[in-house]
Amino acid sequence: MSKYAQHAAPADAEQRRQAPKTVCYQVEQLPEYNHDFYQRARANLTKVDEVIVDPRDAASFKVPAGHFFRITSVEGAQVGDLNLFNANDINERFFSGKTRQLHASHVSTGDRLWSNMPNLRAIATITHDTLDWYGWDEDGASVHDVIGTRCDPYTNHMLTQTDYHYCCHSNLTRALAKHLDVPTAQAEPFVHDVLNVFMCTGFIKDTHQYFMKASPVRPGDYIEFFAEIDLLGVLSACPGGDCGSSHSDDKTPCYPLKVEVFKADDDTLADWEGAADNGYDGSHGL
Ligand SMILES: [Zn+2]
């Protein structure tokens with residue numbers, strides 16, 4: 001409740017508060033996650049690329065449709081901020097808000113990463129997550145959130161009146177600009193809300209403020225995705241490190257993250273058709 005609340009509750013407030021909950025989206029109507037298919041496809045993986053993301057920096061990588069990619073913690077607990085684009089058209093990119101609405105505030109194996117409108121389709125599927133044991137803790141926190149956006153120098157400046165240039169937003173901007181070979185000002189508008197890989201977050205029970213706690217990730221832990229379309233990924237190793245204390249500064253120890261790209265089993269993929277278009281006619285009633 002706002003500390004400036006001025007209105008007395010009506011006589012039927014309790015009754016109004018007890019209206020039944022309805023899950024907003026009938027997600028059971030989505031195509032079901034085909035666990036057997038993905039497990040067969042990942043049974044015979046051939047590594048085709050590896051990228052190391054330096055601490056407090058970002059790097060890009062490409063994942064052809066039908067390949068897998070894996071983000072692995074190496075050396076120490078480290079959170080990653082992930083942007084995903086259609087590699088052939090960066091106007092299509094990951095839509096964290098809709099992913100949150102369709103799945104939950106945090107994602108794991110079987111959840112999909114959806115793209116923005118007007119494409120709105122599954123561009124990646126999570127196929128393995130070594131932190132799936134964490135579940136929800138007593139604070140209501142979990143890992144791999146699609147709640148937060150990304151640490152950025154603008155919010156940091158508003159709050160601290162200092163300029164810090166290695167926030168995830170800036171790291172992602174520099175890496176995307178480098179990949180596209182354009183100035184940072186041209187790349188920046190394409191940087192979008194992230195999947196907070198390995199980050200452990202929730203909402204404070206009474207105030208509902210977004211909180212973070214030290215990531216439970218250990219070196220060797222990884223999260224793995226199947227590329228439903230040709231993907232361009234950009235990953236930042238957050239200056240917050242394990243995001244257990246501060247971010248947007250150089251105070252916290254930070255570690256690299258490893259990205260590996262794998263070719264899947266050919267036989268399993270023989271009948272795979274790739275991500276279908278959304279299907280909406282796009283007329284908006286006109
Ligand atoms: Zn960050």
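What follows draws every value from the coordinates through simple rules; no lab data is involved. Computed from a predicted structure; not experimentally measured. Neighbour counts are summed over all protein chains in view; Cβ atoms, including those assigned to glycine, are modelled from backbone coordinates with ideal geometry.
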For S248, which sequence-distant residues (separation of 5 or more, or a different chain) have an amide H within less than 5 Å of its own amide H, given hydrogens modelled in the peptide plane? G240
Using 0.36 nm per residue, how much length does the chain from R16 to I90 gain when fully extended, once their Cα-Cα distance is taken away? 22.2 nm
Rounded to the nearest 500, the 222 nm mean residue ellipticity computed for the chain from DSSP H runs (n ≥ 4, each -39500 (n - 2.57)) alone is -4000 deg cm²/dmol
Would you list H284, H179 from fewest to most Cβ contacts within 10 Å? H284, H179
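Can you give the Rg to Rh ratio of the chain, both from alpha-carbon atoms, with Rh computed by the Kirkwood formula?
Values: Rg = 20.0 Å, Rh = 20.1 Å.
Reported Rg/Rh, Kirkwood definition of Rh: 0.99.
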Collect residues whose amide H, placed 1.01 Å from N in the peptide plane, falls under 5 Å from the amide H of I229; neighbours closer than 5 in sequence don't count. G66
Rounded to the nearest 0.05, what FRET efficiency do W133 and K205 have when you use their Cβ-Cβ distance and R0 = 30 Å? 0.80
With θ set to phi - 60° and the Karplus curve 6.51 cos²θ - 1.76 cosθ + 1.60, what are the ³J(HN,Hα) couplings of the stretch 12-29 in order, to the nearest whole Hz, using x for Gly and Pro? 9, 4, 4, 4, 5, 6, 9, 4, x, 7, 10, 4, 5, 10, 7, 5, 5, 7
If we sort 160-169, 101-110, 181-190 on the protection proxy, mean other Cβ atoms within 10 Å, highest first, what's the order? 101-110, 160-169, 181-190
With the crude spin-label approximation of a point 7 Å out along Cα→Cβ, what separation in nm comes out for E32 versus Q161? 6.0
Taking Cα pairs closer than 8 Å and at least 6 residues apart, the relative contact order of the chain in percent is 34
Ranked output for segments 143-151, 251-259 by mean other Cβ atoms within 10 Å, highest leading, reads 143-151, 251-259
Arranged by the count of other C-beta atoms within 10 angstrom, fewest first, what order do H67, H35 take? H35, H67
Spherically averaged projected area in nm², based on the convex hull that wraps the Cα atoms of the stretch 1-93: 13.1
Set of aspartates and glutamates with alpha-carbon distance to K98 below 19 Å, sequence-local pairs under 8 removed: E28, E32, D81, D111, D145, D193, E228, D277
Rounded to one decimal in nm, the spacing of the 7 Å Cα→Cβ label points at M117 and H7 is 2.8
Which of W133, W114 comes first, and how do the rest follow, when ranked by fewest Cβ neighbours within 10 Å? W133, W114
